[in-house]
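Please read the structure below before turning to the comments.
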Amino acid sequence: GIACDAAGALAAAHASGLVHRDVKPSNLIVQPDGRAKLIDFGLVARAGIRQSRDATIGTVRYSPPEQTGLLSRAIDGRSDLYALGVVLYEMLAGRPPFDAADVGELVRLHAAVPAPDVLASAPGASPALAAVVARLLAKDPDDRFQTADGLVRDLTRIAAADPGAADFEIGGNDDPTAALHDGPLVGREEELSALGARWRRAQQSHGGAVVVTGAAGSGKRRLVRELVADATRHGALDLSGRALQSDGTPLAPLREAIDRYLDGVAALQGDARERALRELRTAAQATGDWIAMLSPQLATLTDCRPVEPTNVTGEQLASAIARFLLDLATQHGSAMLRLADASVLDEASIHVLAEIGAELRDTPLLVVLTARDDAPAEALAPVEAALGDLLDTQIALGPLTEAGTHELVSGLLGGVEVDTALAAQLHTRSGGNPFATQEYVRAITHAGLVRPSWGTLLVDRTGLDQLALPDDVMGLVIARVDELAPAARALLAAAAVAGSSFSPTIAAEAAGLDQLESADACAEILAERLVERRDDGSLAFVHERVREAVLAEIAGDDRRAL
């Protein structure tokens with residue numbers, strides 16, 4: 001309970017871009033009713049700063065390696081989660097995981113020595129809680145919980161479920177993208193209701209397809225994610241992939257969707273793993289050998305053996321993929337296939353959709369497509385033709401109302417009351433575009449012009465009037481890029497040329513960065529939330545508009561060289 005309360009407080013701070021930097025037992029006050037409060041924000045800082053080795057901040061006994069300067073990574077919310085992990089370890093074991101009289105030795109222990117298993121000192125603790133502690137105490141921030149919200153969800157599940165369950169999956173609800181750039185979903189109640197109604201029909205084996213259109217930054221992905229979050233909480237299977245205009249690889253979005261699903265199955269343990277494998281093997285009985293050619297992970301998990309590519313025609317492969325997806329949805333009970341940027345789907349993927357459409361009507365599968373509304377009208381025509389009348393729900397996202405912008409700004413700033421005049425000004429500047437609104441809020445908060453005080457938001461009006469906010473969202477993004485260190489700017493430029501998603505190793509090599517420079521640059525662009533980490537280790541721009549802004553600043557000769 002104390003850990004949940006502390007993590008909830010950190011979630012609120014992190015949502016505003018703040019890092020506490022001094023989470024320790026004496027900064028947790030337990031009230032008479034048992035609830036805990038996190039106090040003393042005297043060392044609070046903006047996420048993304050770097051710590052030098054000669055200027056350690058915080059209490060060393062609870063400090064993560066990056067906060068003592070021994071790990072060259074930016075300090076962000078995950079740093080607080082490490083410190084909370086030390087506190088949780090001490091609550092369970094009666095002593096912290098590392099202790100030494102010499103400060104230098106204590107710093108070394110946190111940076112280089114694996115944390116001991118808390119069960120060795122607290123054998124009565126639940127294995128699930130011990131797994132949470134182990135993940136919190138990972139040396140690399142990328143290996144910890146990525147959000148305080150994800151930690152709260154796992155702790156809540158442990159409290160509500162059998163704590164000794166062998167198949168309890170730690171981190172299954174930890175969503176690294178649930179950060180400021182997504183924001184709360186506001187002003188989309190009708191659209192979400194329409195999506196939910198179509199999903200409920202699909203669950204009753206009345207499958208079909210939905211397309212969500214809107215301007216860049218209008219919240220298409222955010223809207224769909226809200227539906228998916230509710231569906232997966234009730235046991236639905238989520239399969240997601242994204243079409244990329246820069247990637248002409250046939251079937252790439254469907255391969256991504258299948259690979260993500262298989263990676264999830266591989267990560268399960270105990271009874272949950274056995275159930276998933278039974279579903280997978282049954283679904284793969286007819287077409288597994290074909291799918292294994294597309295996704296080798298299937299051969300690892302089942303007895304399927306890849307068909308030789310020379311023996312495969314496009315028609316056969318499309319039919320096999322469609323059959324597999326339909327059978328998987330049937331075996332699981334309900335499933336959602338999400339394909340982002342459907343206006344640039346490759347011909348082979350569209351062929352698979354046509355094959356799926358032949359049996360979709362009697363299957364518990366909903367195909368959810370998103371597309372920008374500035375794409376040529378004919379771009380979606382092949383997809384519409386492939387699905388026919390099964391594409392029976394179309395949702396167009398327009399700008400937010402002024403009230404919607406006001407609610408979004410309040411949510412982005414931690415739920416505190418926001419001045420009506422400020423919200424109206426931001427609505428005018430953003431044109432009601434959610435992405436643009438979030439960028440404006442980010443610029444204002446980074447300039448230190450707003451701060452919460454006892455449930456209300458105090459705004460530095462003088463500073464706000466003097467702040468030269470660009471009228472264009474692209475200008476805001478470019479301003480953030482211009483503030484990056486040279487190595488981070490170089491890495492981002494190479495990444496933008498590479499595509500919407502990229503290998504940080506390859507981008508660093510193209511940018512001429514060594515390993516240490518690359519690690520620093522990756523940490524900085526992640527902390528600034530210009531990019532996000534994918535499950536396969538690659539990085540991806542949080543929005544195509546960010547990539548477009550970076551590309552626009554690269555001269556033609558430099559772009560060709562990269």
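The table that follows gives values for the structure above.
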| item | result |
| --- | --- |
| Selected residue [without any contact (Cβ under 8 Å) to a residue 12 or more places away in the chain and farther than 28 Å from residue 385 by Cα] from 309, 296 | 296 |
| Residue within the range 302-322 that is surrounded by fewer than 21 Cβ atoms within 10 Å (Cβ to Cβ) and within 30 Å of residue 222 (Cα to Cα) present | no |
| Criterion violated by residue 200 - all others in (1) closer than 14 Å to residue 395 by Cβ; (2) among the basic types (Lys, Arg); (3) open to solvent by 50 Å² or more (accessible area, probe 1.4 Å) satisfied | (1) |
| Top-ranked residue of the range 269-294 - restricted to ones that are assigned to a loop (DSSP other than H, G, I, E, B), at pLDDT 85 or above and of a type outside the set (A, V, I, L, M, F, W, C), ranked as nearest to residue 131 (Cα to Cα) | 285 |
| Residue pairs meeting the criteria (Cβ under 8 Å; at least 6 apart or on separate chains; first more than 18 Å from residue 334 (Cα to Cα), in the range 350-364; second among the β-branched types (Val, Ile, Thr) and surrounded by 22 or more Cβ atoms within 10 Å (Cβ to Cβ)) | 350/383; 352/321; 355/321 |
| The range 475-520, residues that are open to solvent by 30 Å² or more (accessible area, probe 1.4 Å), charged (D, E, K, R) and not in a loop (DSSP other than H, G, I, E, B) | 482, 489, 509, 517, 520 |
| Filter pass, residue 353 being open to solvent by less than 10 Å² (accessible area, probe 1.4 Å), closer than 21 Å to residue 225 by Cβ and either among the hydrophobic types (A, V, I, L, M, F, W, C) or touching a strand residue (DSSP E or B) at 6+ places or on another chain (Cβ under 7 Å) (or both) | no |
| All positions within the range 79-96 that are closer than 14 Å to residue 144 by Cβ, open to solvent by 10 Å² or more (accessible area, probe 1.4 Å) and either outside any helix (DSSP H, G or I) or touching an Asp or Glu at 6+ places or on another chain (Cβ under 8 Å) (or both) | none |
| Check on residue 298, within 32 Å of the chain's Cα centre (by Cα), buried (at least 21 other Cβ atoms within 10 Å of the Cβ), under 17 Å from residue 249 (Cβ atoms) and not small (Gly, Ala, Ser) | no |
| Index of the failed condition, residue 337 passing every other in (1) open to solvent by 10 Å² or more (accessible area, probe 1.4 Å); (2) of a type outside the set (Phe, Trp, Tyr); (3) in contact (Cβ under 8 Å) with a residue 60 or more places away in the chain | (1) |
| Matching residues in the range 12-55 - criterion: being closer than 21 Å to residue 441 by Cα, surrounded by fewer than 19 Cβ atoms within 10 Å (Cβ to Cβ) and modelled with pLDDT of 90 or more | none |
| Residues satisfying the stated conditions in the range 512-541, i.e. without any contact (Cβ under 8 Å) to a residue 40 or more places away in the chain and farther than 29 Å from residue 258 by Cβ | 512, 513, 514, 515, 517, 518, 521 |
| Members of the range 106-116 that are exposed (fewer than 12 other Cβ atoms within 10 Å of the Cβ) and in a helix (DSSP H, G or I) | 112 |
| Lone qualifier among 345, 326 - being in contact with an Asp or Glu (Cβ under 6 Å, 6 or more places away or on another chain) and either at negative phi or not β-branched (Val, Ile, Thr) (or both) | 326 |
| Within the range 297-316, tally of residues that are more than 23 Å from residue 380 (Cα to Cα) and part of a helix (DSSP H, G or I) | 9 |
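Yes or no, residue by residue, for (1) under 20 Å from residue 216 (Cα atoms); (2) modelled with pLDDT under 90; (3) among the acidic types (Asp, Glu):
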{"site": "477", "(1), (2), (3)": "yes, yes, no"}
{"site": "487", "(1), (2), (3)": "no, no, no"}
{"site": "492", "(1), (2), (3)": "no, no, no"}
{"site": "501", "(1), (2), (3)": "yes, yes, no"}
{"site": "507", "(1), (2), (3)": "no, no, no"}
{"site": "524", "(1), (2), (3)": "no, yes, yes"}
{"site": "531", "(1), (2), (3)": "yes, yes, no"}
{"site": "535", "(1), (2), (3)": "no, yes, yes"}
{"site": "538", "(1), (2), (3)": "no, yes, no"}
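The values are calculated or read from the model by the stated rules, or taken from the named source; none is laboratory data. In this text the structure is predicted, and so the values were computed from the model without any measurement. No Cβ is skipped: glycine too gets one built from the backbone with ideal geometry, and neighbour counts run over all protein chains shown. Heads up: the accessible areas ignore ligands, DNA and RNA and are worked out on the full protein's heavy atoms, side chains in. Shrake-Rupley method; radii C 1.70, N 1.55, O 1.52, S 1.80 Å.
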